[in-house]
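I have placed the structure first, in the form of structure tokens, so that the comments after it can refer back to it.
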Amino acid sequence: MTVQIIQTNPIEGQKPGTSGLRKKTRVFMQEHYLENFVQSVFDAIDGAKGKRFVVGGDGRYFNAQAIQTILKMAAANGAAEVIVGQGGLLSTPAASHLIRLNGTDGGLILSASHNPGGIDEDFGVKYNIGNGGPAPEGVTAKMLARTLEITEYKVSDAADVDLGLIGEQTLDGMVVRVVDPVADYKALMETLFDFGKIRALFAGGFRMRFDAMHAVTGPYATAILEGTLGAPAGTVINGVPSEDFGGGHPDPNPVWAKTLMDEMFGDDAPDFGAASDGDGDRNMVVGKQLYVTPSDSLAVLAANAHLAPGYARGLAGVARSMPTSAASDRVAAKLDIGSFETPTGWKFFGTLLDAGKATICGEESAGTGSDHVREKDGLWAVLLWLNVLAERGQGVSEIMADHWKTFGRDYYSRHDYEALPVDVANDIMDDLREQLDVLRGQNVGEMAVLAADEFSYVDPVDGSESHKQGIRIFFEGGSRAVFRLSGTGTEGATLRVYLQSYVDGAGDLFVETQAALEDVRYAAAEISGLARTGRDAPDVMT
Ligand code: G16
């Protein structure tokens, strides 16, 4: 077995987006493509020599093959040890936990998250640093720079590692430790939640449906909900990960988790429904006939987290991404704790969590998490909900109604225009940018513009700056429209329009969401010239 030094050239700028490098699988499968990026990651962190990493992915097409390549490259670059999930599987939050638990230098996670999988669909690789969280912008910028100048990479010609075999093997002198992907994660959850209370809830006949969407959370949810908490067999559906997610789109929202939504809105709906995405960091929560928006879920969890043992001492603060609704700010204000608004991308929460400024974080894109790891965590959110339901002895609808009466309701919806020609999407954003100064004071339909700006962020911990993080238009009465281009799409450009409208606790709390947002939707469409998309409706509305 020898280390081979392979001559290569930059293929294209491999620019990591909101969450690592995401491309069509066939792009990743081109000669040298994956290798160029992995070598650039190692180079950007000053080499892999003597270092320890965690590697795993969501089981999508090309996962196992890519892991073998990464292991051989880590060995050839002199890494000391790599911890891999059995079968190459690790959910993103479980990988984050393993990095922290084992004090490794970092980890490589293979996933395109909620994007579909398969040879004609999407693949992705991201690098997480030693705190368990996604690499910050300074590090991803170095990776990109490296991909533009790469001339060679190192790879071992050793045989493949048996990823099915738990235990230690060696690869060209590097230790490969294959671990049960679920065990350590489950042990962590047991320290945070009252498993006895949740077990009693299920024993009392509480019914739940968890849709794992044929993705990586299946084994985790089955082991924890059915195996440990006593939920009846069949509580977890689509629980076996498949390379193409059963031909589906593993994005836990009302559009893609339609089977679950139909059941939850049907006559014999279970008490609680939940779903998770490709790599297990996103979640969706549904009550009987009630969809809980991710922004509301964050607010409710922040308001009730103290009911779970892991958060009984209270929260240091709550952080949300800018496009997320202000619902969690209202909770933070009432609890008199820190409240933070960051750009989109979980990496921005890392410094706040590390510094102990925030305990719970969340995003409108179906992500919630806490300082137990440095990623959002789908199953964690579901278990916290279960703990709260068990403690309060109420259903999801009662909890939501009570929350809205106390804090008011932020009606919220995201409208996505997918696979737009890049120039059309850029024109819309550029034109909006040019109007920012003149919008103030204008009336558009029923709405009066109070202010408009482009979101910039200065990290309160390390002072790093991020600009051009989305355009915000604030209307009188607490409504808001936000425009942003997605950083995770792999085809054309995706324009996201985030709509929000607030009513206080004495107002009308039970209007249909899209109806409640109609005026702000109209104003947003007029101001941005959305007709240019050529679409008469969004492709996805969540
Ligand atoms: C990733 C990040 C999230 C972020 C999302 C935004 O999610 O981890 O923190 O909110 O991207 O996506 P977009 O740029 O498309 O709006 P994931 O679940 O895809 O890793």
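The values are calculated or read from the model by the stated rules, or taken from the named source; none is laboratory data. Note that the coordinates shown come from a computational prediction; the quantities given were computed from them, not determined experimentally. Note: ideal-geometry Cβ built from the backbone for every residue, glycine included; neighbour counts use all protein chains shown. Heavy atoms of the whole protein, side chains included, go into the accessibility calculation; ligands, DNA and RNA do not. Shrake-Rupley method; radii C 1.70, N 1.55, O 1.52, S 1.80 Å.
Quick notes on this one:
- 31 Å tail of the calculated P(r), segment 185-407, as % of Cα pairs: 13
- The orientation-averaged projection of the convex hull spanning the C-alpha atoms of segment 29-86 amounts to 3.9 square nanometres.
- Debye log10 I(q)/I(0) at q = 0.16, 0.17 Å⁻¹ for segment 489-530, Cα point scatterers: -0.55, -0.60
- The residues packed around residue 464, meaning those with a beta-carbon under 13 Å from its beta-carbon, carry a net charge of -3 if Lys and Arg are +1 and Asp and Glu are -1.
- Helix-only [θ]222 nm of the chain, DSSP H runs n ≥ 4, -39500 (n - 2.57) each, per residue, nearest 500: -9000 deg cm²/dmol
- Dipole of the chain computed with +1 at Lys/Arg Cβ and -1 at Asp/Glu Cβ about the Cα centre; of 368, 7, 119, farthest Cα towards the positive end is 368.
- Residue 265-residue 2 FRET efficiency (beta carbon distance; Förster radius 51 Å; 0.05 resolution): 0.25
- Remark on segment 3-180: ratio of C-alpha radius of gyration to 2.2 N^0.38 Å is 0.92.
- Relative to the 2.2 N^0.38 Å rule of thumb, the chain has a C-alpha radius of gyration ratio of 0.95.
- Once the Kirkwood radius over Cα pairs is known for segment 186-293, the Stokes-Einstein relation at 4 °C and 1.567 mPa s delivers a diffusion coefficient of 93 µm²/s.
- For segment 398-509, a simple Cβ point-charge model (Lys and Arg +1, Asp and Glu -1, everything else neutral) yields a dipole of about 200 debye relative to the Cα centre.
- Mean accessible surface per residue for the chain, computed with a 1.4 Å probe while every protein chain stays in place, in Å²: 36
- Calculated over segment 407-503, the projected area of the Cα convex hull averaged across directions stands at 8.0 nm².
- Rg over Rh [alpha-carbon atoms, Kirkwood Rh] for segment 434-488: 1.07
- Cα-based Rg / Dmax (Å) for segment 156-208: 18.9, 56
- Unsatisfied cross-links (Cα-Cα over 24 Å) in the set 258/288; 357/405; 186/357; 23/376; 142/468: 357/405; 186/357
- Potential extension, residue 427-residue 512 segment - 0.36 nm per residue separation minus Cα distance: 27.4 nm
- Alpha-carbon Debye profile of segment 456-542, log10 I(q)/I(0) at 0.11, 0.13, 0.20 Å⁻¹: -0.41, -0.56, -1.06
- Heavy-atom surface analysis with a 1.4 Å probe gives the chain a carbon and sulfur content of 49 percent of its accessible area.
- Cross-link partners of residue 49 among lysines, defined as those whose alpha carbon lies under 16 angstrom from its own and excluding same-chain residues fewer than eight positions apart: 72, 154.
- Using C-alpha pairs under 8 Å with a sequence gap of at least 6, the mean separation divided by the residue count of the chain gives a relative contact order of 13 percent.
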